[in-house]
1. Given the conditions (1) without any contact (Cβ under 8 Å) to a residue 60 or more places away in the chain; (2) more than 19 Å from F169 (Cα to Cα), and given that L68 satisfies all but one, which numbered condition is not satisfied?
2. Which residue pairs have Cβ atoms closer than 7 Å, lie 6 or more positions apart in sequence or on different chains, and pair a first residue in the stretch 136-148 that is free of Cβ contacts under 8 Å to residues at least 60 places away in the same chain and over 13 Å from G90 (Cα atoms) with a second residue that is within 14 Å of the ligand (Cβ to nearest atom) and assigned to a helix (DSSP H, G or I)?
3. Answer yes or no as to whether M106 is more than 21 Å from L26 (Cβ to Cβ), surrounded by 22 or more Cβ atoms within 10 Å (Cβ to Cβ) and at pLDDT 95 or above.
4. State the number of residues belonging to the stretch 133-147 that are within 30 Å of H107 (Cβ to Cβ) and either crowded, with 22+ Cβ neighbours inside 10 Å or at pLDDT below 95 (or both).
5. Taking helices (runs of 4 or more DSSP H) that do not extend beyond the stretch 40-159, which have at least 2 residues that are touching a Leu at 6+ places or on another chain (Cβ under 8 Å) and away from the ligand (no atom under 14 Å from the Cβ)?
6. Looking at the structure I just gave you, is D193 touching a residue at least 12 places away in the same chain (Cβ under 8 Å), within 16 Å of the ligand (Cβ to nearest atom) and more than 16 Å from I142 (Cα to Cα)?
7. Only one of these is within 24 Å of I28 (Cβ to Cβ) and buried (at least 18 other Cβ atoms within 10 Å of the Cβ): Y128, Y153. Name it.
8. Mind listing whichever residues of the stretch 28-39 are aliphatic (A, V, I, L, M), within 13 Å of the ligand (Cβ to nearest atom) and surrounded by fewer than 24 Cβ atoms within 10 Å (Cβ to Cβ)?
Amino acid sequence: MSRQPENWRAPMHNVLVTGGSRGIGLAIGRRLVGAGYNVIAAARRESDDLKAAISESGGRLHFRACDLAVIDAIPAFAKLVRDEFGPIYGLVNNAGLGTEGLLATMHNSEIEALVQLNVLSPIILTKYVARQMMADGAGRIINISSIIATTGYNGLSVYGATKAAATGFTRSLAREVGKLGITVNAIAPGFIDTELTNNLSEDGRKRIAGRSALRRLPETDDVARMVEYLLGEGGRNITGTVFTVDAGNTA
Ligand SMILES: NC(=O)c1ccc[n+]([C@@H]2O[C@H](COP(=O)([O-])OP(=O)(O)OC[C@H]3O[C@@H](n4cnc5c(N)ncnc54)[C@H](OP(=O)(O)O)[C@@H]3O)[C@@H](O)[C@H]2O)c1
């Protein structure tokens, strides 16, 4: 049976991507612009790579500065985006810190910063954006977790806790907002080369790739493709689940 395609790629379908200035977030922004979305990339600073992507985007990629660790600023930021761009169709909670450290010696301030940016901030931002989506009767929310949420990794206990929070949040929120036409999913990437992971040595990278079924590392655009899928027609009946993008590291 053929189905009339829904208007998923309308030019003004807005997607807010946090941490959109580099790494995985920038790859998501680039891909979504290519797919016809209007993307608002939020981060503290506009990177040179983002500037270049904006100038090539034909007016579909935008930067709005926001320090998402400042929780009290989040409601006004959500309103600013809505007032300026109109309804937000997609929210990608991607901004995150990857601070490593043995729990016993980690500063409390580092622990707090991780929980603040990786857990509290996306929950509060989602609260305000989901309210708008509820009024609009549609929306797609995607939370970027990590395979560390389930595998564990020496020196990443706090980070792992924050990424497990993202999947727990995803599942229950999907139950809560599904009846309003909103989907909520998580993506769990494996190790990807970005600034967040630049502490890992070349040997470490090779070891991770060698342990993966495909003998390589996933790339930022692999995550971006999954985001595109979840925002599109293919994602209409997918909610409350976690997609692993790790080149078979956990297979
Ligand atoms: N790379 C990996 O191997 C990997 C694997 C699994 C999951 N992940 C997850 O994927 C997401 C993106 O990671 P990535 O590797 O692309 O990291 P990244 O290259 O370090 O990029 C982080 C992004 O978050 C933004 N950000 C950081 N602090 C912020 C703040 N206070 N307010 C607003 N934006 C802030 C950064 O911009 P500014 O610094 O300018 O604010 C940047 O755009 C994270 O949630 C990470 O946990 C990454």
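The values are calculated or read from the model by the stated rules, or taken from the named source; none is laboratory data. Just so it is clear, the structure is predicted and the values come from calculations on it, not from any experiment. Please note: Cβ atoms are built from the backbone with ideal geometry, for glycine as well, and neighbour counts cover all protein chains shown.
1. (2)
2. From the stretch 136-148, the pairs are S146/K163; I148/Y159; I148/G160; I148/K163.
3. no
4. 4
5. 121-136
6. yes
7. Exactly one residue qualifies, and that residue is Y128.
8. Residues satisfying the conditions do not exist here.
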